[in-house]
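Accompanying notes for the structure given below.
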Amino acid sequence: MYDVIVLGCGVVGAATAYQLARYPLKVAVLEAQNDVANGTTKANSAIIHAGYDPEPGTLMAKLNVEGNRMAGEICQKLQVPFARVGSLVLAFDEADLATLRTLYDRGVANGVPGLELWDQSQVRQREPNLSQEVKGALYAPTAGIVDPWQYALAMAEVAVTNGVELHRSAPVTAITPVEGGYAVTTPKGVFEGRYVFNATGVFADQVHGLLETPDYRITPNRGEYYLMDKSQHEQVSRVIFQCPNENGKGVLVSPTIHGNLIVGPNAQPVEDRHDLGNTAQGLDFVREHATRSVPGLNFRENIRNFSGIRANSTRHDFILEESPNHPGFFDLAGIKSPGLASAAAIGKWACEQILEKETQLEPKQDFVDQRTHVVFHTLSREEKNALIAQDPRYGRVICRCETVTEGEIVAALHSPIPPHTINGVKRRCNAGMGRCQGGFCGPRVQDIIARELGLNPCEVLMDQEGTYVLTGETKAQGGKAHV
Ligand SMILES: Cc1cc2nc3c(=O)[nH]c(=O)nc-3n(C[C@H](O)[C@H](O)[C@H](O)COP(=O)(O)OP(=O)(O)OC[C@H]3O[C@@H](n4cnc5c(N)ncnc54)[C@H](O)[C@@H]3O)c2cc1C
């Protein structure tokens, strides 16, 4: 029997596994999809919020501020791209200026460091491309931008390196109480565990429902985005928000950690939790609101649209609790924004629940809290030359837009959580993330995956199960593949 089973490997499941891996516990993580961080964690604004937005006294307020601090430390230690660029909330009129004052007071109550209220001239001086209509702003220096996949992946990799078992393509289909714990059924087998954490994102209420009827519902809400070319990166140097409203934090314009510009999201309730479509209406809304903040945005420089689904719930806070009727079964549910910013602290909260019950547990002495992640284009000339001398594959550029080498792709394919898909490689080393969106490097990445993993190229998927890229017969294998 496992000590702990974590359901779901988004950023919350990964952060939970990362904390549990510090203790001598037998831990399994069960993830429905064929890769980690493929749910909401891969499709959001990628902001490590400062923490002035949530109401004081809520879990969101406490864990956002703590998670923000932890994110800085973890990203530095695990080589995750992260920058504390700071954020501005803009005011366009007197009512907005009053809202800024409320947010400032909330932030102070929540313990957010360094908040400042800027007047019009301060805003213009520091962000010259913002609208002339801006009357003032709330500046939060601790807000940051991160690569959300890398953040979750890094924590999951360290967990796996330290002995946590990760089972991908293992959707949970039943949860039954058994002597001393719970039996969790998946197509990969039945896993028995003494404690279970439900970190299944927008599906958390349904997964909880496999055991008992939960007293909350997830009310999915979709947000759509533009991802702009690097030509737009310098429009702003901080994360630019408008005043929040009942639909959330509103439309933002922000540099991304990879040098692009992200613009969005809207907020649209949806029935279908898998519906990641983009709509003309949603994108029009985003464009209209974003240009109110930054009038010079050039939407012809858009390279991709995408959307993510918020795990809003019928409660208005994160749902972190043990089931009163089923001790040892915990929800980490309703993790809407600022869930990414709070994830590290949520993982710590989950681990503390186990430590409270298992008082004899002492941290492992041999826990390895690091990983290696080479990003070739960030190295100095000397470092590049040394790496190429050691492994010539670092001298072959596969993705021209992002300067990603064959060496980086091969390293990803042999990492602690190896990807099997073209998008899995993209998320790990950025190949295909640039202006051409994989038009050039996609087939080359596919070849490398097939070669390294000993697959027929027809078996290499774009992303989730069933997303075949090639069909028909291949000369090399002479075999018929998927049609
Ligand atoms: C539009 C938008 C913008 C956002 N912007 C921000 C932001 O800038 N900053 C911020 O802090 N937060 C932001 N968020 C929120 C943040 O993205 C989420 O809070 C966070 O990603 C939630 O992580 P998670 O691990 O709970 O969920 P997920 O990432 O969805 O992970 C849940 C995992 O559970 C798996 N799963 C589901 N069902 C099963 C099953 N039956 N068995 C096994 N596994 C299962 C899924 O495949 C998935 O991998 C935003 C969200 C959205 C939608």
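Here's the yes/no breakdown for (1) closer than 19 Å to residue 290 by Cβ; (2) modelled with pLDDT under 95; (3) within 18 Å of the chain's Cα centre (by Cα); (4) not assigned by TED's automatic domain parsing to the domain that holds residue 428:
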site: 152; (1), (2), (3), (4): no, no, yes, yes
site: 167; (1), (2), (3), (4): no, no, no, yes
site: 192; (1), (2), (3), (4): no, no, no, yes
site: 195; (1), (2), (3), (4): no, no, no, yes
site: 208; (1), (2), (3), (4): no, no, no, yes
site: 236; (1), (2), (3), (4): yes, no, no, yes
site: 244; (1), (2), (3), (4): yes, yes, no, yes
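Restricting the search to helices (runs of 4 or more DSSP H) fully inside segment 116-229 and requiring at least 1 residues that are of a type in the set (A, V, I, L, M, F, W, C) and closer than 30 Å to residue 270 by Cβ gives 148-161, 204-208. In segment 243-356, counting only strands (runs of 3 or more DSSP E) that sit wholly within it, the ones holding 2 or more residues that are among the charged types (D, E, K, R) span 302-310, 319-322. Checked against the criteria, residue 157 does not count as touching a strand residue (DSSP E or B) at 6+ places or on another chain (Cβ under 7 Å), charged (D, E, K, R) and in the same structural domain as residue 321 (by TED's automatic domain parsing). If you go through segment 18-66 and keep only what is more than 8 Å from the ligand (Cβ to nearest atom) and closer than 14 Å to residue 335 by Cα, you end up with 54, 58, 59, 60, 61, 62, 63.
Let's see how each residue does on (1) modelled with pLDDT under 90; (2) buried (at least 17 other Cβ atoms within 10 Å of the Cβ); (3) outside any loop (DSSP other than H, G, I, E, B):
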{"site": "423", "(1), (2), (3)": "no, yes, yes"}
{"site": "433", "(1), (2), (3)": "yes, yes, no"}
{"site": "437", "(1), (2), (3)": "yes, no, no"}
{"site": "446", "(1), (2), (3)": "no, yes, yes"}
{"site": "449", "(1), (2), (3)": "no, yes, yes"}
{"site": "452", "(1), (2), (3)": "no, no, yes"}
{"site": "455", "(1), (2), (3)": "no, no, no"}
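Residue by residue, here is whether (1) open to solvent by less than 40 Å² (accessible area, probe 1.4 Å); (2) in the same structural domain as residue 50 (by TED's automatic domain parsing) holds:
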site: 70; (1), (2): yes, yes
site: 92; (1), (2): yes, no
site: 103; (1), (2): yes, no
site: 109; (1), (2): no, no
site: 114; (1), (2): no, no
site: 121; (1), (2): no, no
site: 132; (1), (2): no, no
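Among the criteria (1) open to solvent by 30 Å² or more (accessible area, probe 1.4 Å); (2) within 13 Å of the ligand (Cβ to nearest atom), the one residue 263 does not fulfil is (1).
Among all residue pairs at least 6 apart or on different chains, which show Cβ distances below 8 Å where the first residue, located in segment 263-277, is under 27 Å from residue 296 (Cβ atoms) and the second is within 9 Å of the ligand (Cβ to nearest atom) and of a type in the set (Asp, Glu)? As it stands, the answer is 264/224; 265/224; 266/224; 268/224, since those pairs meet every condition given. Residues that are within 15 Å of the ligand (Cβ to nearest atom) and open to solvent by 10 Å² or more (accessible area, probe 1.4 Å) within segment 227-239 comprise 227, 238, listed in sequence order. Somewhere in segment 78-90, is a residue of a type in the set (Gly, Ala, Ser), over 14 Å from residue 154 (Cα atoms), in contact with a helix residue (DSSP H, G or I) (Cβ under 8 Å, 6 or more places away or on another chain) and touching a residue at least 24 places away in the same chain (Cβ under 8 Å)? Checking segment 78-90: not a single residue is of a type in the set (Gly, Ala, Ser), over 14 Å from residue 154 (Cα atoms), in contact with a helix residue (DSSP H, G or I) (Cβ under 8 Å, 6 or more places away or on another chain) and touching a residue at least 24 places away in the same chain (Cβ under 8 Å).
Flag set for residue 317, criterion: surrounded by fewer than 18 Cβ atoms within 10 Å (Cβ to Cβ) and either touching a residue at least 60 places away in the same chain (Cβ under 8 Å) or among the small types (Gly, Ala, Ser) (or both). Screening segment 170-218 for residues that are in contact with a Lys or Arg (Cβ under 8 Å, 6 or more places away or on another chain) and open to solvent by 30 Å² or more (accessible area, probe 1.4 Å) and picking the one that is nearest to residue 317 (Cα to Cα) gives 203.
The values are calculated or read from the model by the stated rules, or taken from the named source; none is laboratory data. Since the model is a prediction, treat every value here as computed from it, not as a measurement. Note that we place each Cβ from the backbone using ideal geometry, even for glycine, and neighbour counts take in every protein chain shown. The area values use the complete protein model at the heavy-atom level, side chains included, leaving out ligands, DNA and RNA. Shrake-Rupley method; radii C 1.70, N 1.55, O 1.52, S 1.80 Å.
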